[in-house]
Amino acid sequence: QASGKPLKDIEVFLLNTSHRVFTNEKGRYTIKAKPGSYQITAFGLERKSKTYGIKLRTGQTQQVDFAMQPLEVLLKEVEALGTEESLDITRLNGVEGTLIYEAKKNEVIHIDRLNANLATNNARQVFAKVPGLNVWESDAAGLQLGIGGRGLNPNRTSNFNTRQNGYDIAADPLGYPESYYTPPVESLEKIEIVRGAASLQYGTQFGGMINFLFKRAPEGDPFTFNTRNTVGSFGLLSSYNSVSGNTGKMDYLAFYQRKQGNGWHENEQFRSNTVFTDANFQLTDEWFLCFEFTHMDYLAQQPGGLTDRMFAQNPRQSVRSRNWFALQWNIPAMVIEYTASPKTKLNLKTFGLIGSRKALGNLQSVTVADQPDENRNLLWDNYLNFGSELRVLHRYEIKEKPQALATGVRYYQGNTQKRQGEGNNGTGPDFDFLNPDRLEDSDFTFPSRNLAFFAENIVNLTGRWSVTPGLRAEYIDTQSQGYYRESRRDLAGNVIFDTTVYETKQRARAFLLAGVGVSYKSDEAIEAYGNVSQNYRAINFNDLRVNNPSLKVDENLEDERGFNADIGVRGNINNFLYFDWSAFYLRYNNRIGALWKKEIDPLFGERSYRFRTNIADAYIVGFESFTEIKLGSWLFGKKSSTDLSAFVNAALIEGQYAASHESAFRDKEVELVPPLNLKAGLTYDYRDFSATLQYTYVAQHYSEATNTTQVASGIDGLIPSYDVVDFSCKYRYKFAQAEAGINNLMNEMYFTRRASGYPGPGIISAPGRSFFLTLALEF
């Protein structure tokens with residue numbers, strides 16, 4: 001330490017390598033590394049960290065002494081950014097907090113470095129540098145995020161485990177993993193994405209994990225006020241306002257966002273409110289406590305879907321003027337951290353969800369006219385869920401090589417009520433059942449319980465090689481209790497058949513998932529990595545019971561199983577070239593899908609309907625690459641205030657169905673797999689000004705598993721290729737920042753999805769050209 005006395009258990013490590021040791025009783029340490037240039041850092045509790053640059057030569061021993069000054073304020077966490085701090089996308093360290101990311105495909109998006117339309121959560125721009133993501137664009141407001149990767153359905157990001165600040169935000173992570181709530185991007189510091197190998201630590205989703213991390217109060221400022229106000233096309237008005245403060249042992253942040261607009265389509269409008277508060281307390285040197293609460297509500301008029309013919313005529317048109325969607329989302333959370341020693345850390349997250357979603361309107365095909373005097377269909381869900389996760393990270397050594405073990409346990413209890421019946425025949429958002437005591441369609445509750453144990457261990461074999469094995473044991477218990485009604489009317493509208501069927505089901509299962517990752521790091525901050533992890537996806541509550549006139553569900557539907565495998569190389573060379581190139585193989589067994597069937601109706605003759613079942617086993621293979629080059633120092637010199645960077649994000653993917661008992665799926669292409677997904681961009685920086693031009697191309701692909709090219713209703717068929725250009729810029733002057741841009745600069749008419757239900761059914765056309773202008777102030 002600064003007084004000359006030795007300090008034990010000071011952590012010393014080489015940035016961007018796996019070399020990590022602790023000092024002994026005499027304050028001494030030894031790191032063995034190959035010749036090269038390094039940054040060496042020392043960190044200890046209640047001590048200021050130190051970093052020095054060193055060069056090791058062959059046969060040379062170099063001594064580095066650290067004088068560790070005491071801290072006046074205990075830091076909760078030290079983040080070593082190394083040479084990546086100027087990039088807007090980086091990757092996670094092998095160990096962060098109580099979590100292990102070694103050898104996993106992952107990305108970190110730094111929001112404050114983006115040129116993008118943040119007010120509308122424009123996912124096409126925000127996730128532009130994440131390879132292989134398929135983005136659904138269902139509304140112009142960004143109320144619901146729809147992204148999927150590797151041939152997985154983007155619907156409400158349901159194939160990812162979706163979190164904020166490390167805890168779940170979806171309706172039910174197992175039984176109904178759809179994310180109706182999306183945090184405002186304006187409120188975020190960064191977004192972490194981990195692909196399929198996340199199944200061991202986060203849960204069983206095939207897609208992986210997405211974690212939205214909110215901003216924190218600036219260090220040393222007792223009070224800060226931020227405001228961001230945006231105007232844009234089609235009546236867009238957005239206002240984000242936050243207050244925050246930091247007093248050393250305590251910091252806080254609260255924000256409110258209001259957003260409203262008319263939307264690009266006919267019969268489209270929205271208004272939303274989001275509130276978030278958090279308070280963080282450093283109780284002692286070892287104990288940290290955090291309280292958080294999130295509220296979101298929104299009301300949206302939905303224009304419905306289109307047929308292919310209607311889209312060709314006018315993609316902005318709407319034949320549904322009485323469809324509405326409403327959401328109430330409340331998420332309380334508490335986080336406790338305990339640092340038992342420099343080598344052992346515990347983290348406990350406890351969270352809940354109290355919320356509801358309501359969908360009102362006409363579920364029939366858009367080829368059927370919406371009669372103004374007919375009652376509308378109302379779907380109303382209530383959620384009352386609770387979860388808790390305890391994680392422990394312990395560092396230890398084997399033969400003077402640092403190791404890390406992460407273990408944890410998770411308990412989750414969900415209770416979802418789903419009701420479906422008739423609403424009134426009005427035009428407004430009147431979310432009341434006409435007969436709440438005897439609904440015309442169904443009334444079910446879906447209790448669920450989940451208990452999981454998981455462990456992963458980084459085993460550093462040498463200074464460069466590491467192996468990370470892991471296990472996850474899951475117990476899942478899902479139940480359904482309630483009734484549904486079956487009724488038929490004749491051509492005159494008279495009820496000729498009406499029966500109520502009461503139903504109780506329970507499905508309990510226990511299973512084990514395993515995985516392993518391998519990493520090799522070179523001296524030049526380049527890493528070769530590979531991993532394989534098993535995945536599991538429980539059947540959805542909607543797969544069990546939804547009364548839809550054009551959809552039936554197989555009563556014997558089974559859970560889906562499979563695995564993800566990745567192999568790749570990534571690195572950052574002198575902050576000039578950043579890259580991540582990898583290949584993957586996704587095996588997806590018992591994949592759930594739908595096919596068209598016909599039946600003979602005794603009154604109306606032959607009719608067609610969609611049948612949802614386990615259709616086949618599938619495999620999806622691909623190459624995902626991201627490359628960014630910083631050209632500024634090369635073009636303008638190292639001391640220049642001008643910078644220019646270019647990136648290319650390309651994914652080549654192929655998916656095919658293998659074994660299937662249904663001939664309609666054999667040897668067919670997997671739906672929602674664009675063979676080419678390309679994003680490229682150019683960013684120019686000059687002092688406080690920055691501008692980005694971005695190009696997106698998505699190749700033609702199928703929307704369903706039988707590879708139908710087109711049906712009359714527009715529900716199934718091809719999704720044609722499309723390309724979109726976006727431009728955004730920003731300028732900062734002292735405490736003010738102005739942002740502006742044009743989305744879909746060339747006014748491309750395209751669509752990204754075909755919906756079988758809400759917000760359709762039919763083609764959901766993407767918004768045309770729009771502009772935005774934002775003024776941000778900080779005091």
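The values are calculated or read from the model by the stated rules, or taken from the named source; none is laboratory data. As the structure is a prediction and not an experimental result, all values here were calculated from the model. Here the Cβ positions follow ideal geometry from the backbone for every residue, glycine too, while neighbour counts run over all protein chains shown. These accessible areas exclude ligands, DNA and RNA; they are computed on the full protein's heavy atoms, side chains included. Shrake-Rupley method; radii C 1.70, N 1.55, O 1.52, S 1.80 Å.
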| field | Condition check for Ser187: modelled with pLDDT under 95, open to solvent by less than 10 Å² (accessible area, probe 1.4 Å) and among the polar types (S, T, N, Q) | value | no
| message | When you scan the stretch 473-486, do you find a residue that is open to solvent by less than 80 Å² (accessible area, probe 1.4 Å), acidic (Asp, Glu) and touching a residue at least 40 places away in the same chain (Cβ under 8 Å), even just one? | response | yes
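I'd like the full set of residues that are in a loop (DSSP other than H, G, I, E, B), in contact with an Asp or Glu (Cβ under 9 Å, 6 or more places away or on another chain) and open to solvent by less than 50 Å² (accessible area, probe 1.4 Å), limited to the stretch 420-434. Walk me through how you get there before you give the answer.
Kept after step one, since they are in a loop (DSSP other than H, G, I, E, B), are these residues of the stretch 420-434: 423-434.
Filter once more, so that each one left must be in contact with an Asp or Glu (Cβ under 9 Å, 6 or more places away or on another chain): 423-425, 433-434.
Answer for the stretch 420-434, where residues must be in a loop (DSSP other than H, G, I, E, B), in contact with an Asp or Glu (Cβ under 9 Å, 6 or more places away or on another chain) and open to solvent by less than 50 Å² (accessible area, probe 1.4 Å): Gly423, Asn424, Phe433.
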| note | Inside the stretch 495-544, the number of residues satisfying the requirement of being free of Cβ contacts under 8 Å to residues at least 40 places away in the same chain and either at positive phi or among the small types (Gly, Ala, Ser) (or both) is 2
| field | Those residues of the stretch 289-310 which are assigned to a strand (DSSP E or B) and closer than 30 Å to Gly714 by Cβ, in sequence order | value | Tyr298, Leu299, Ala300, Gln301, Leu306
| remark: If you go through Thr709, Thr683, Thr752, the only one that is within 22 Å of Gly305 (Cα to Cα) and either among the charged types (D, E, K, R) or in contact (Cβ under 8 Å) with a residue 24 or more places away in the chain (or both) is Thr752
| Can you name every residue in the stretch 579-626 that is at pLDDT 90 or above, over 21 Å from Ala705 (Cβ atoms) and either crowded, with 17+ Cβ neighbours inside 10 Å or acidic (Asp, Glu) (or both)? | Phe579, Asp580, Ser582, Glu624, Ser625, Phe626
| Applying the selection to the stretch 757-779, what residues are open to solvent by 50 Å² or more (accessible area, probe 1.4 Å) and closer than 30 Å to Gln317 by Cα? | Arg769, Phe771, Leu773
| task | From Thr696, Thr692, grab the single residue that is touching a helix residue (DSSP H, G or I) at 6+ places or on another chain (Cβ under 7 Å), hydroxyl-bearing (Ser, Thr, Tyr) and not in a loop (DSSP other than H, G, I, E, B). | result | Thr696
| message | From the list Ala650, Ala658, exactly one residue is at pLDDT 95 or above and surrounded by fewer than 22 Cβ atoms within 10 Å (Cβ to Cβ). Which is it? | response | Ala650
| request: State all residues of the stretch 36-49 that are open to solvent by 60 Å² or more (accessible area, probe 1.4 Å) and either over 17 Å from Ala525 (Cα atoms) or modelled with pLDDT under 75 (or both); if no residue qualifies, say none. | output: Ser37, Leu45, Glu46, Lys48
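For Ser633, state whether it is farther than 28 Å from Trp581 by Cβ and either open to solvent by 20 Å² or more (accessible area, probe 1.4 Å) or outside any strand (DSSP E or B) (or both).
The answer is no for Ser633.
Residues are listed down the side, and each one gets a yes or a no for (1) free of Cβ contacts under 8 Å to residues at least 40 places away in the same chain; (2) touching a Ser or Thr at 6+ places or on another chain (Cβ under 9 Å); (3) of a type in the set (Asp, Glu):
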residue	(1), (2), (3)
Leu363	no, yes, no
Asp373	no, no, yes
Leu378	no, no, no
Asn382	yes, yes, no
Ser388	no, yes, no
Arg410	no, yes, no
Gln420	no, yes, no
Gly428	no, no, no
| message | Among the numbered criteria (1) in a helix (DSSP H, G or I); (2) open to solvent by 20 Å² or more (accessible area, probe 1.4 Å), which one does Lys129 miss? | response | (1)
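Would you confirm, using the coordinates I've provided, whether Asp370 is over 25 Å from Ala755 (Cα atoms) and over 34 Å from the mean Cα position of the chain (by Cα)?
no
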| remark: Picked from the stretch 540-575 (must be assigned to a loop (DSSP other than H, G, I, E, B) and open to solvent by 40 Å² or more (accessible area, probe 1.4 Å)), the residue modelled with the lowest pLDDT is Pro549
